[in-house]
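Input: a single structure, listed below in structure tokens.
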Amino acid sequence: MNYKIIVDSCGELTYRMKKSGVYETASLSMEVDGDIIVDDENFDQADFLRRVEASPECPKSSCPSPERYMELYGGDEERVYAVTLSSELSGSYNSAQLGRKLWMEEHGERGKKIYVFNSRSASVGETLIGLKIQECEENGLGFEETVSTVETYIDEQHTYFVLENLDTLRKNGRLTGIKSFVASALNIKPVMGSTPEGTICQLGQARGMKRALAKMADQIVKEGKTTKDKILAIAHCNCPERAREVERMLLDKIRVKDSFIVDTAGISTMYANDGGIIVVL
């Protein structure tokens, strides 16, 4: 391969992506009660959820270092693309950019081109961006044309999610400007989404998870444009049947090129919490 795609570990890679030889992962890490858990292929979701449930403290996350990104940029590939969490939600994008600067300062151009994409999303939003890069490369697009095409794709991408609770997002400062909810008392489930800048916004709310998911599906259908050429991606945290139901609700109302469902990896599990659903189109 003359190229590779680095996705930080908030982006879930499908089985096919892992086997393609194209992708590498820049692992973030989580801290629960002083224990550091690396978000890599050894991540144990069930154990992590048990730890979080038992802990009186909110888990925290750390992004890959610039030096780690610099290492990942190495190799024989002529073109390297990195995809990170929204720069509004994590330091991963800034680390990736600094790692690129360090690599270029040490090695110069030397025939290698590196570009860092700010997903302005998370989870399967990053997954879809990785797949779009791969599609461009397989179709023979040059480096600059691939970058331009993928940036346009990111502009058109939409992220939605419904969680059982927003505690981890709120306590880690990811819900700036969003009012507090009394979800536990009234069973109110907010329907959340991403802004064009990559921050989190509230799109609506409903009483109970089932109604909130239906409201999210209606919002996706309402905002969806030319969906027949897009891939529908759904990530779930330990609730596969719930994810399949959301997929059924959407595919009954819209046509898409393809769809897939994945379980959340470490960072997405930490923020989605048990029972969370993330949809990107």
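The values are calculated or read from the model by the stated rules, or taken from the named source; none is laboratory data. Computed from a predicted structure; not experimentally measured. Glycine gets a Cβ as well: all are built from the backbone with ideal geometry, and neighbour counts include every protein chain shown. Just the protein is used for accessible areas: all its heavy atoms, side chains included, with ligands, DNA and RNA removed. Shrake-Rupley method; radii C 1.70, N 1.55, O 1.52, S 1.80 Å.
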Taking the dipole about the Cα centre of region 102-247, with the C-beta of Lys and Arg at +1 and of Asp and Glu at -1, give me whichever of 114, 186, 160 is farthest to the positive side.
186
If you roll a 1.4 angstrom probe over the protein chains with everything in place, what fraction of the accessible area of region 148-281 belongs to carbon and sulfur, to the nearest %?
49
Please report, to two decimal places, log10 I(q)/I(0) for the chain at q = 0.12, 0.15 Å⁻¹ as given by the Debye formula with identical point scatterers on the Cα atoms and no solvent.
-0.73, -1.13
Where a ≥ b ≥ c are root eigenvalues of the Cα gyration tensor, a/c under 1.5 meaning rounded, otherwise prolate if a/b exceeds b/c and oblate otherwise, region 83-149 counts as oblate
Accessible area of region 1-128 with a 1.4 Å probe: how many percent of it is carbon plus sulfur?
43
Return one whole number: the accessible area per residue of region 61-155 in Å², for a 1.4 Å probe.
43
Dimensionless Rg ratio for region 234-281, taking C-alpha atoms and the 2.2 N^0.38 Å reference:
1.14
Helix-only estimate, please: 222 nm mean residue ellipticity of the chain, summing -39500 (n - 2.57) across DSSP H runs of length 4 or more and dividing by its residues, to the nearest 500.
-11500 deg cm²/dmol
Could you work out how far helix 92-107 tilts from the main Cα principal axis of the chain, as a 0 to 90 degree angle to the nearest 10?
10
Nearest-ten-degree value, helix 143-156 long axis tilted from longest Cα axis of the chain
10
Could you tell me what fraction of 2.2 N^0.38 Å the Cα radius of gyration of region 173-281 comes to, as a two-decimal ratio?
1.06
Debye intensity ratio in log₁₀ form over the Cα atoms of region 1-113, taken at each q of 0.10, 0.14, 0.19, 0.23 Å⁻¹:
-0.34, -0.63, -1.01, -1.29
Report the GluC sites (Glu not before Pro) located in region 102-135 that are in a DSSP loop and have at most 14 other Cβ atoms inside 10 Å of their Cβ, or state none.
109
Accessible area per residue in Å² at 1.4 Å probe, computed on region 200-281
46
Just by accessible area at a 1.4 angstrom probe, what is the order of 15, 73 from largest to smallest?
15, 73
Reported to two decimal places, what Rg/Rh ratio describes region 102-245 when computed on Cα atoms with Rh from the Kirkwood expression?
1.05
